[in-house]
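Please treat every number below as a calculation from the coordinates, not as lab data. A quick note: this is a predicted structure, and the numbers were derived from the prediction, not measured. We place every Cβ from the backbone using ideal geometry, glycine too, and count neighbours over all the protein chains shown.
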Amino acid sequence: MPKEEPRRTCIGCRESLEKSKLLRFVLAPDGTVVPDLMNKLPGRGAYTCMKASCISKASERNQFSRAFKSQVPVTDPKELQAWVIRSMEERIASYLALANKAGKVISGSDLVAEMLKKNTPVKKLMLLAADISEDIGNKLRGLADLHGVGHMTLFTKDYFGELLGKGLRSVVVVQSDGFVNTMNTEIIRYRNFLRGEGCTYE
Ligand SMILES: [Zn+2]
């Protein structure tokens with residue numbers, strides 16, 4: 001039997017869930033509420049579901065002050081949500097940069113198209129820039145679906161280039177069981193948050 005994961009209650013909807021399915025917030029030294037996506041910051045934590053609506057409920061009902069047992073400045077839920085989204089994006093970006101350093105990333109639409117057609121046993125994940133041309137994007141998504149490669153559209157060509165230390169890149173593929181597993185968890189969480197589905201891992 002795997003050890004049971006500790007549960008926490010969402011201060012927005014009061015539902016109790018495993019810690020890993022919740023967002024942790026801590027109080028920064030300046031007394032403001034900050035998200036702690038890595039679950040590493042010291043101090044008391046307050047938890048919400050990974051849903052924008054639960055963050056809103058928590059701020060509107062002043063639940064952060066209650067959870068931290070101190071009067072925290074009123075937090076704009078929109079600002080907090082934007083911060084969570086930014087932190088999630090930063091995590092995906094940092095894994096991509098790490099995978100690239102480890103030599104596990106290929107980029108550019110021609111190389112990627114070739115790669116997608118090859119059936120290798122290593123897991124792959126394709127990330128497409130939001131500003132990729134529609135034709136190329138659709139062609140690559142079709143290829144990825146055909147070959148069972150997961151994909152997501154995020155960031156821009158410019159940002160991919162920056163992360164990889166190259167010029168503009170409209171598409172990248174990560175090939176590595178380890179990196180792809182980790183990045184998939186991050187991406188599912190991010191996608192759920194954007195879609196407002198929250199809570200569950202697919
Ligand atoms: Zn909730």
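With +1 on each Lys and Arg Cβ and -1 on each Asp and Glu Cβ, how big is the dipole of the range 111-174 about its Cα centre, in debye rounded to the nearest 20? Don't skip to the answer; put the middle values down first.
Working: 9 positive and 7 negative charges, 65 e Å.
Here the range 111-174 has a charge dipole of around 320 debye.
In deg cm²/dmol, rounded to 500, what helix-only [θ] at 222 nm does the chain give when every DSSP H run of at least 4 residues adds -39500 (n - 2.57) and the total is split over its residues?
Working: 7 runs with 89 residues, N = 202.
Computed ellipticity for the chain at 222 nm equals -14000 deg cm²/dmol.
Can you compute the radius of gyration and Dmax for the range 7-85, using only the Cα atoms, both in Å?
According to the Cα coordinates of the range 7-85, Rg and Dmax are 11.0, 29 Å.
How large is the dipole of the chain about the Cα centre if only Lys and Arg carry +1 and Asp and Glu carry -1, each at its Cβ, rounded to the nearest 20 debye?
Numbers: 31 positive and 23 negative charges, 130 e Å.
Computed charge dipole of the chain: roughly 620 debye.
Which number comes out as Rg/Rh for the range 126-166 once both Rg and the Kirkwood Rh are worked out on C-alpha atoms? Present the calculation step by step, with values, prior to reporting the outcome.
Working: Rg = 10.7 Å, Rh = 10.6 Å.
In the range 126-166, Rg relative to Rh is 1.00.
If you average the sequence gap of Cα pairs under 8 Å that are 6 or more apart and divide by the length of the chain, what percent do you get for the contact order?
Working: 316 pairs, mean separation 41.3, N = 202.
After rounding, I find 20 percent.
Using Cα pairs under 8 angstrom and six or more residues apart, how large is the relative contact order of the range 88-195, in percent? Working shown, then result.
On the way: 149 pairs, mean separation 41.3, N = 108.
Computed value for the range 88-195: 38 percent relative contact order.
Add +1 for every Lys or Arg and -1 for every Asp or Glu among the other residues with Cβ under 12 Å from the Cβ of ASP177, and state the total.
Values: positive: LYS104, LYS123, LYS124; negative: none.
Residues near ASP177 contribute +3 overall.
Based on the Cβ-Cβ distance from LEU41 to ASN138, what FRET efficiency comes out when R0 is 25 Å, to the nearest 0.05? Don't skip to the answer; put the middle values down first.
Numbers: r = 41 Å, r/R0 = 1.66.
Using R0 = 25 Å, I get an efficiency of 0.05.
Mind checking the full-extension length gain between ASP76 and GLU114? Use 0.36 nm per residue of separation minus the Cα-Cα distance, one decimal, nm. Can you show the working numbers first?
On the way: separation 38, 0.36 × 38 = 13.68 nm, distance 4.63 nm.
Between ASP76 and GLU114, full extension yields 9.0 nm more.
Residue separation times 0.36 nm, minus the C-alpha to C-alpha distance between ALA28 and ARG86: what's the value? Don't skip to the answer; put the middle values down first.
Numbers: separation 58, 0.36 × 58 = 20.88 nm, distance 1.74 nm.
Additional length available on full extension: 19.1 nm.
Check LEU23: other-chain or 5+ apart residues with amide H under 5 Å from its amide H, H built from backbone geometry?
The answer is THR48, CYS49, MET50.
Tell me which DSSP H helices of the chain clear both cut-offs, 15 Å or more of axial length from alpha-carbon atoms and a mean Kyte-Doolittle hydropathy of at least -1.0. Numbers along the way, then the final one.
On the way: long enough: 77-101 (36 Å, -0.24); 134-146 (18 Å, -0.42); 177-195 (26 Å, -0.51).
Membrane-span-like by this criterion, though nothing is claimed about a membrane: 77-101, 134-146, 177-195.
Beta carbons within 10 angstrom, averaged per residue: use that to sort the peptides 137-148, 171-182, highest first. Please report the intermediate quantities before stating the final value.
Numbers: 137-148: 15.2, 171-182: 19.7.
The densest-packed peptide leads the list: 171-182, 137-148.
What base-10 log of the normalised intensity I(q)/I(0) is obtained for the range 14-162 from the Debye formula, alpha carbons as equal point scatterers, at q = 0.09, 0.13 Å⁻¹?
Evaluating at q = 0.09, 0.13 Å⁻¹ gives log10 I(q)/I(0) of -0.42, -0.74.
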